[in-house]
1. Taking only pairs that are 8 or more places apart or on different chains, how many Lys pairs in region 70-206 have Cα atoms under 28 angstrom apart?
2. Counting other Cβ atoms within 10 Å, keep those with at most 14, restrict to DSSP loop, and tell me which trypsin sites (Lys or Arg not before Pro) in region 1-42 are left.
3. Lone cysteines in the chain, defined as no other cysteine's Cβ under 4.7 Å from theirs: which are they?
4. Helix 328-339 against the longest principal axis of the chain: what's the angle in degrees, Cα atoms only, rounded to the nearest 10?
5. Could you give the C-alpha radius of gyration of the chain expressed as a fraction of 2.2 N^0.38 Å, taking N as the number of residues it contains?
6. Averaged over every viewing direction, what's the projected area of the C-alpha convex hull for region 256-346? Give it in nm², one decimal, please.
7. Rounded to the nearest 5, what is the percent of antiparallel bridges among the DSSP beta bridges in the chain?
8. Using only C-alpha atoms and all pairs of different ones, pull out the Kirkwood radius for region 11-185 in Å with one decimal.
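Every number here is computed from the coordinates shown, using simple stated rules; none is lab data. Just so you know, these numbers come straight off a predicted model, no measurement behind them. As a convention, Cβ positions derive from the backbone with ideal geometry for all residues, glycine included, and neighbour counts pool all protein chains shown.
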Amino acid sequence: MKNFDFSVPTKVLFGEGKLNELKDYLGNMGKKGLLVTGKSSMRKTGVLDRVIKLGKESGVEIIVNEGVEPNPTSDYINHMSKLVRKEGCDFLIGLGGGSPMDAAKAISLLAINDGVIEDYLPGGKYEDMANVLGALPIVAITTTAGTGSEVTMFSVITNKKTKEKPGIGHQCLFPVLSIIDPELMVSVPKHITLSTGVDVLFHALEAYICTVATPLTDMYALEAIKLVLENLGDVLEDGSNLEKRSKVAWANTLAGMAIVQASTVGIHGMGHPIGGHTNSPHGMTMAALGKAFLDKTYDGDIDRYSNITKILGYDCEGLSKKECAAKSGEALQRVLDRFGAHVTISDLGVKEDMIETLAKDAFKTMGGCMAVSLKELDVEDAISIYKSSL
């Protein structure tokens with residue numbers, strides 16, 4: 001059996017009504033915090049006002065910025081880090097989906113470290129993160145069942161100048177507190193529920209088909225896949241179904257823990273550049289690439305890919321194990337079609353003349369994910385997968 005290490009340092013409050021417990025923790029964070037969120041949804045739903053009220057009840061001042069874009073940019077992070085220092089904030093709150101949580105992490109990093117966020121991205125002078133001093137405490141309040149950022153040490157930031165969309169990671173970026181309250185998710189529009197739910201599926205699937213998978217991450221990943229397959233369709237039909245929302249939210253939490261202990265692979269590695277260049281919904285970039293990636297890599301581990309084929313609901317009766325593994329891409333596409341997530345990279349705005357740049361970006365900015373795919377890949381392989389996904 002493989003040796004492995006793991007830790008989950010985040011305090012997680014999971015379940016209906018858990019947002020109300022925020023007031024029991026904020027007082028320990030400091031006297032003033034910066035809350036970052038998107039441009040309108042949290043205010044419209046009343047969640048933002050609830051969080052501010054809970055802060056007041058804790059004796060904490062909360063400064064609010066509603067400027068987070070769907071894919072947070074380096075310019076925004078740099079600007080907000082200056083505000084944090086100016087205001088003397090003690091902690092950060094990311095409220096919303098993955099973008100506000102990722103933004104809060106990156107801002108908290110810059111708040112007590114030198115430079116701008118580009119210095120910590122691939123090619124930057126601090127990209128190895130070796131001398132990071134730490135970060136301000138981070139509170140993550142997720143309102144979507146997708147990204148898993150509330151239980152990971154990763155932050156994904158788009159470099160405004162290069163259009164690259166890399167992830168950075170460090171132990172100090174784990175939230176100290178995360179609240180996963182399915183009641184906050186019932187108002188999420190169907191298209192966002194779909195994109196984030198698909199992201200959960202890919203987090204779990206990729207954590208299972210990576211070279212650094214362990215018995216622990218397999219347990220998380222397989223249960224997450226099962227929960228998505230059994231519940232996401234019902235949530236898409238009826239977003240007010242709290243029981244189903246809770247199960248998809250739990251799948252997201254499990255998948256987040258899986259990728260932080262293992263990894264995503266080349267699907268995410270190649271999806272991030274698409275998002276950076278086209279500003280596409282993150283989950284849809286995975287959906288567009290998934291089948292072609294599995295078709296290209298299934299022979300990297302016949303046992304794991306054949307298992308994925310069957311888990312995704314494909315009947316392999318009468319097929320050899322290798323033939324079953326070769327059907328993994330088809331099995332995945334059937335699932336995506338059932339959820340209404342049939343999309344190509346052309347639909348996302350990718351033109352054929354962009355593909356070489358995207359492939360190079362994947363290895364430059366997401367090389368870690370590319371390297372842990374079960375089949376060794378190079379730039380030409382990435383180009384082939386992109387072309388098959390047009």
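1. So the count works out to 23.
2. Working: sites: Lys2, Lys11, Lys18, Lys23, Lys31, Lys32, Lys39; in loops: Lys2, Lys31, Lys39.
When the trypsin sites (Lys or Arg not before Pro) of region 1-42 are filtered for loop state and at most 14 Cβ neighbours within 10 Å, Lys2, Lys31, Lys39 remain.
3. Cysteines lacking a close Cβ partner in the chain: Cys89, Cys172, Cys210, Cys369.
4. Between the helix axis and the principal axis of the chain, the angle is about 50 degrees.
5. After normalising by residue count via 2.2 N^0.38 Å, the value is 0.94.
6. Working: hull surface 25.4 nm².
In nm², the orientation-averaged hull projection of region 256-346 is 6.4.
7. Values: 4 of 27 bridges.
Looking only at bridges with both residues in the chain, the antiparallel portion is about 15 percent.
8. Hydrodynamic radius (Kirkwood, Cα pairs) of region 11-185 is 15.8 Å.
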